[in-house]
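Comments concern the structure below.
The values are calculated or read from the model by the stated rules, or taken from the named source; none is laboratory data. Everything numeric here is computed off the predicted structure, so don't read it as measured data. Methodologically, a virtual Cβ is constructed for each residue, glycine included, from the backbone with ideal geometry; neighbour enumeration extends over all protein chains shown. Remember, those area values only see protein heavy atoms, side chains included, never the ligands or the DNA or RNA. Shrake-Rupley method; radii C 1.70, N 1.55, O 1.52, S 1.80 Å.
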Amino acid sequence: MMHWLNNLSPAWQFVLFSAIKVVAAFAVLMFMVAYVVLVERKVCAFIQDRIGPNRAGPFGLLQPAADAVKAFFKEDFTPAHVRKVFYVLAPAIVMLPGLMNLAVIPFGSRIGNQPMVIADLNVGILYTFGIVSLGVYGIVLAGYAANSKYPFLGGIRSSAQMISYEIAMGLSVIPLFLLVGSLNLSQVIHYQSGGFLNWLVFKQPLAFAIFLAAAFAETNRTPFDLPEAEQELAGGYNVEYSSIKFALFFMGEYANMILASAMMVTLFFGGWTLPIFGLDQPATALWAGLVQIGIFLAKLFCFLVMFIWVRWMWPRFRYDQLMKLSWQRFIPLALANIVVTAFVLWVRS
Amino acid sequence: MSATAPTETKPAAPAVETLAVKVDGKAVVVPKLSPDWQGKPAPTTMLQACEAAGVTVPHYCYHPKLPVAGNCRMCLVEFGTPALGPDRKPVLNPDGSPKINKSPRPAIACATPVSPNMEIYTNTPGVKAMREGVLEFLLINHPLDCPICDQAGECKLQEYSVDYGAAQSRFVEPKVHKPKKVDLGPRIVLDDERCILCTRCIRFTRDIAGDDALGIVNRGSYNTLTKYPWSQFDNNYTLNTVDICPVGALTSKDFRFQMRVWFLKETKSLCTSCGTGCNVLIGSREEKIYRYTPRQNDAVNGCWMCDAGRLNYRWIDREDRLKEVRSPKSEVRSWSAVLKEISEKLNAAVPGSAAIVASARQTNEELFLLKQLAKKLGATTDSIPRFGDGDKLLVSADKNPNTNGARLTGICFTEMGIKLPEIARGIQSGKIKTLIVFGEDVTKHGISAADLAKLETLIVSDLLPNETTKAAHYLLPGCAHAEKRGTFTNTKGRVQKFMKAVEPPGDARPEWEFLHELVHGVTGHNGFATIEGLFNQMAKEVPEFNSLTWAGLGDAGVTVKI
Amino acid sequence: MIVKRPPLSLAERLYLPAIWGGFKVTLRHFFKKKVTMQYPEEKWVVPEGYRGAPYLVRDQDGHTKCVSCQLCEFVCPPKAIKITPPGPNGTADRANAEKMPREFEINMLRCIFCGFCQEVCPEEAIFLMKDYALTGASRNEMIYDKEKLLALGGVHQDRIQKWKHKAEEAAQQDVFPVKP
């Protein structure tokens, strides 16, 4: 087997290992989406003194499967008045950014001589933001395709929010790259090795705060969940959707949430590194490579729990407060942060 | 011109002696004489004066159409008369009003005549106490039967108990038990425990029906209403005693335990069993008729009706009612298609080749429309007479409810049915090719089934299947009178209207409705699509009806000259 | 009236104390005892006076208490009750009561469990019992007929037994032949 592998040309090896990584990462992501939903329901139930799903399998562990079966077998109803092409396209576009961003996230150092990142782009972060900004299309399209007033207003509301926070998010990470001096996410992780205090969250706490808030807003999570607002507005852009199409919106949201967490782990919390036992250096042994993937997943999980917890803890912002927060607070602060960081770096050099 | 004055009882116009009295402080002027139960003038009673003043005096035994008995004591009132001085002149109060001497004892309002300037008090504490006392006595032995009593809901004892009854009985001894579920006759069940001994039924059957069949036996608490032994309480008016019984002692076997009265929708209608045209209320619920009760109309039936007419409603929801429009090959068709086809056939018919046999059970409006059709077709028309036994009270020998309507609209002549042989001969000779039959089985009246087979077109409208409907080329299901609106002209020429109580079964439609469409199709003459408009149009064209309007008929009808 | 909102302090505007407060509350509840009841296995103790499904009852002698007076049918706000009276030859299964319903139907899909039928019943023949989870596979199945209602209702210990009492009293007075 190894012999056969070694005999392959480097190009074929690259294709093969990339394909394996793509499939594995995709599988893990979808699995996580399914189980984050379960975790969300469990955490929510516990916070509300309930038990949560416990009928499907032990502790409700088969609940995601049951949900999936239900979503597939529900009637996929398409209202007569929708714009068909966009109506079908929108849920797919919502799902897309989450999947595509997966490509540039380093979820481990290396196993054997394979780097644990699907595409180690030099401009990783730019790619990320480029893709993330596509997400808004899904929502705009959904609101537009439904061709009725209610989803239309919902779509406008959501796209305004997402565009606003994208700016704050983009501005907030610029100081990081001033410090690191590269847009490559592996470089960012490398920069953070060698001690907890090297983590960028300690060097750029303001940037982290803005990024965190913007991440909540981008993923439509409480306290910025006006696009959905299940109780009060009964949804927004997605009200005309049912069955598996609705499920795609739903899964897209969770995929985005996972990716946002992964971004934060990578940018601010050292990615797959842990500055003990030499785990902050690329692994040379197989076990170290696996442990580093574990470290990454553990950090990711903490963020996910935080996302979930916040949802059941706080009320949401009013729409005017939400817009004000982005345009009048975060964007000026992020700009100031850039200037100050740049100034400090100039003084030091 | 032809309409005479309504014959409602009212005082002869000019020289009526009147009395001024006061009821509960309200001054009213009443005639000195008022009609008694037979309509003869008699001194006006306090109860009549109270009625004139709009004050209701509770009563059980009094009934305006029965002799006064004065035994229930429920109508006790207090009263006073002007005090007279030694000079036989009224004593005046300081303010100039006549001084009233209040009578120390109460009087029964139903049997005490009023005197000039009398004052009647019906709402004093004393009167209230007397009513409460009377009611308490009545309730001593009255069983708590309301849940199983058919009278519940229209029971005077219930109503007055709400007003004057005590919440709890003070009577701790066992109640006197009397016979229950006594079979008085073929149509009446008696429950003696419920009887309050008002004797209304006894007076009715003795004085109105002329059959002295009921009476009270035993003494004191054991007073018991009973029928004459060794015979049945069975005359043609027995069910009226159920109506006038203020409690549930007398109940109708027909209506017994069928439906509680508060569910019944009451529709003003007429009895169609004979030419008298007794006014009735049809009690129906959810498109099912449960009973007829007489409706007061002093010009026709007073407060009564006969048992035969009252019970003659079961056929209306018979299972075999005609419900479908059928055409030559007896397939089911739609109204519009069939009416169009008939119109074309009639239009193509040679004048004089058609005949119409209408029914004197149809309404004036329908007969009028048939006459319009006959005029256009040059058709011979007639109807079928129906005679039976009459009596002196209400039942007429003429068993058709609208004989006079058929005459006045020109469907038949003074003697009904004389043209039937002519029509039969016309069919046999082949002269008459089209026959229109409404509501009659002509095979029983001289036009045999073999004759019918010779016809080119036989158009039949009826309610129930018979030999003629079997032979019909076009069968149009019609409505019973309870399922439509219209007017009848009774034997005395009184035009009375009736209202719709229930929906017709299946595809059946009121005859006037489809006749109107047919007349429109054949003559091009568009009348009115509403019964009101149709009646008013008929009133214009039929001389005897000239002064009538639908609205002007009111609930009691108008008498025309016949 | 115009209510003046007090201006927020810096701490409030920073939102941090609110975050901390929310965290404390949610964390406390996270570890609290859970209140969920596992429904089909665990069932709620229905309190006295609960208004569940209305059923017909028999008295301790096994007689149908309903005399088909139709007051419940009349008072029923959603018209869920339909009674077919026995007609002229109706008899009851006990002395003196004279009649009982030929058919008694309650459409449990229409019933709003208001209890008016129980309140209005002069015979104490219908009671709102403790059943609250009525199920059926079809609409027809949810229309309960007389047999079903009587079977579900069971026996009511009647302290008064009005009709029996009346019949006994009448028998003592040696009048009126009453056959049950």
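Observations, loosely collected:
- Pairs of lysines in segment B:18-123 (C-alpha under 25 Å apart; 8 or more residues apart or interchain): 16
- Low-density loop cleavage sites - chymotrypsin sites (Phe, Trp or Tyr not before Pro) in segment A:275-349, where at most 11 other Cβ are within 10 Å (DSSP): A:277
- Rounded percent of accessible protein surface that carbon and sulfur make up, segment B:161-222, 1.4 Å probe: 49
- Shielding by partners - mean other protein chain Cβ count within 10 Å, residues of A:312-323: 2
- Share of carbon and sulfur in the accessible heavy-atom surface of chain A [1.4 Å probe, %]: 74
- Remark: spin-label model distance residue B:266-residue A:343 equals 9.7 nm, labels positioned 7 Å along the Cα→Cβ axis.
- Per the accessible-area calculation with a 1.4 Å probe, the total area buried between chain A and chain C rounds to 1400 Å².
- Ignoring aspartates and glutamates fewer than eight residues from residue A:324 along the same chain, the ones with Cα atoms less than 20 angstrom from its Cα are A:166, A:218, A:225, A:228, C:12.
- Neighbouring partner chain Cβ atoms per residue of C:27-37, average, 10 Å criterion: 4
- Nitroxide proxy distance, nm - points 7 Å out along Cα→Cβ at residue B:230 and residue B:340: 7.4
- Average accessible surface area per residue within segment A:74-348, 1.4 Å rolling probe, Å²: 42
- Packing-based order for B:365-373, B:459-467, B:416-424, using average beta carbon neighbours within 10 Å, highest first: B:365-373, B:459-467, B:416-424
- Proportion of all alpha-carbon pairs of segment C:54-158 beyond 24 Å (%): 17
- Here the spin labels are modelled as points 7 Å beyond Cα on the Cα-Cβ line, and at residue B:286 and residue B:128 they lie 4.3 nm apart.
- Spatially proximal lysines relative to residue C:24 (Cα-Cα < 22 Å; intrachain offsets below 8 disregarded): A:42, C:32, C:33, C:34
- Computed on the Cα trace of the protein assembly as shown, the radius of gyration divided by the Kirkwood hydrodynamic radius gives Rg/Rh = 1.19.
- In this structure, residue A:244 and residue A:31 have a Cβ-Cβ separation that, at R0 = 25 Å, corresponds to a calculated FRET efficiency of about 0.90.
- In chain B, Cα pairs under 8 Å separated by at least six residues give a relative contact order of 12 percent.
- For a label point 7 Å along the Cα-to-beta-carbon line of residue B:492, residues of segment B:176-210 with backbone N under 20 Å: B:207-210
- The residues packed around residue B:400, meaning those with a beta-carbon under 9 Å from its beta-carbon, carry a net charge of +2 if Lys and Arg are +1 and Asp and Glu are -1.
- Extension gain, residue A:119 back to residue A:61 (0.36 nm per residue minus Cα-Cα distance, nm): 17.6 nm
- Sequence-distant aspartates and glutamates (8 or more away, or on other chains) whose Cα lies within less than 12 Å of residue B:345: B:456
- The helix-only estimate of mean residue ellipticity at 222 nm for chain B, built from DSSP H runs of length n ≥ 4 each weighted as -39500 (n - 2.57), is -6500 deg cm²/dmol after division by the residue total.
- With a 10 Å cut-off around each Cβ of B:146-154, the average count of Cβ atoms from other chains is 5.
- Top of A:165, A:137, A:237 by mean-square fluctuation, Gaussian network on chain A, Cα under 10 Å: A:137
- Residue by residue, segment B:350-360 carries 3J(HN,Hα) couplings of 5, x, x, 8, 10, 9, 10, 10, 8, 10, 7 Hz when phi is fed to the Karplus relation 6.51 cos²θ - 1.76 cosθ + 1.60 (θ = phi - 60°); x denotes Gly or Pro.
- Calculated SAXS-style log₁₀ I(q)/I(0) at q = 0.06, 0.07, 0.10, 0.13 Å⁻¹ - chain A, Debye, Cα scatterers: -0.23, -0.32, -0.66, -1.09
- Between residue B:144 and residue B:40, the C-beta separation translates, for a Förster distance of 35 Å, into a calculated FRET efficiency of about 0.25.
- In the structure shown, the pairs B:156/C:162; B:156/B:253; B:265/B:561; A:21/A:299; B:128/B:265; B:399/B:454 are assessed against 27 Å; a Cα-Cα span above that value is assigned to B:265/B:561; B:128/B:265; B:399/B:454.
- Scalar couplings 3J(HN,Hα) for segment B:47-63, obtained by applying the Karplus form with A = 6.51, B = -1.76, C = 1.60 to θ = phi - 60°, are 5, 5, 5, 4, 4, 4, 8, x, 9, 8, 10, x, 7, 10, 7, 6, 9 Hz; x denotes Gly and Pro.
- For segment B:88-145, the set of trypsin sites (Lys or Arg not before Pro) satisfying both a DSSP loop assignment and a count of at most 14 other C-beta atoms within 10 Å is given as B:88, B:99.
- Label zone at residue A:202 (point 7 Å along Cα-to-Cβ), backbone N below 19 Å, segment A:164-187: A:176-177, A:179-180
- For segment B:290-336, relative contact order (Cα pairs under 8 Å, six or more residues apart, normalised by length) works out to 24 percent.
- If R0 is taken as 41 Å, the Cβ-Cβ distance between residue B:91 and residue B:111 corresponds to a FRET efficiency of 0.90.
- Here the extension length gained between residue B:541 and residue B:397 equals 48.9 nm, from 0.36 nm per residue of separation less the Cα-Cα distance.
- Taking the protein heavy atoms of segment B:18-123 in the context of the full set of protein chains, the accessible area attributed to carbon and sulfur is 55 percent at 1.4 Å.
- Take chain B with all the other protein chains still there, run a 1.4 Å probe, and you get 43 Å² of accessible area per residue.
- Net charge of the neighbourhood of residue B:126, taken over other residues with C-beta under 13 Å away and scored Lys/Arg +1, Asp/Glu -1, is +2.
- Counted charge near residue B:302, where neighbours are those whose Cβ lies closer than 11 Å (Asp, Glu -1; Lys, Arg +1): +1
- Shielded by partner chains, segment C:82-125 residues - at least 30 Å² of accessible area, 1.4 Å probe, vs chain alone: C:85, C:87, C:88, C:98, C:99
- Highest average packing first - B:350-361, C:33-44, B:166-177, Cβ atoms within 10 Å: B:350-361, B:166-177, C:33-44
- For residue B:290, residues with placed amide H under 5 Å, excluding near neighbours: B:283, B:284, B:285
- Per-peptide packing, taken as the mean over residues of other Cβ atoms within 10 Å, places B:472-479, B:427-434 in the sequence B:472-479, B:427-434 from highest down.
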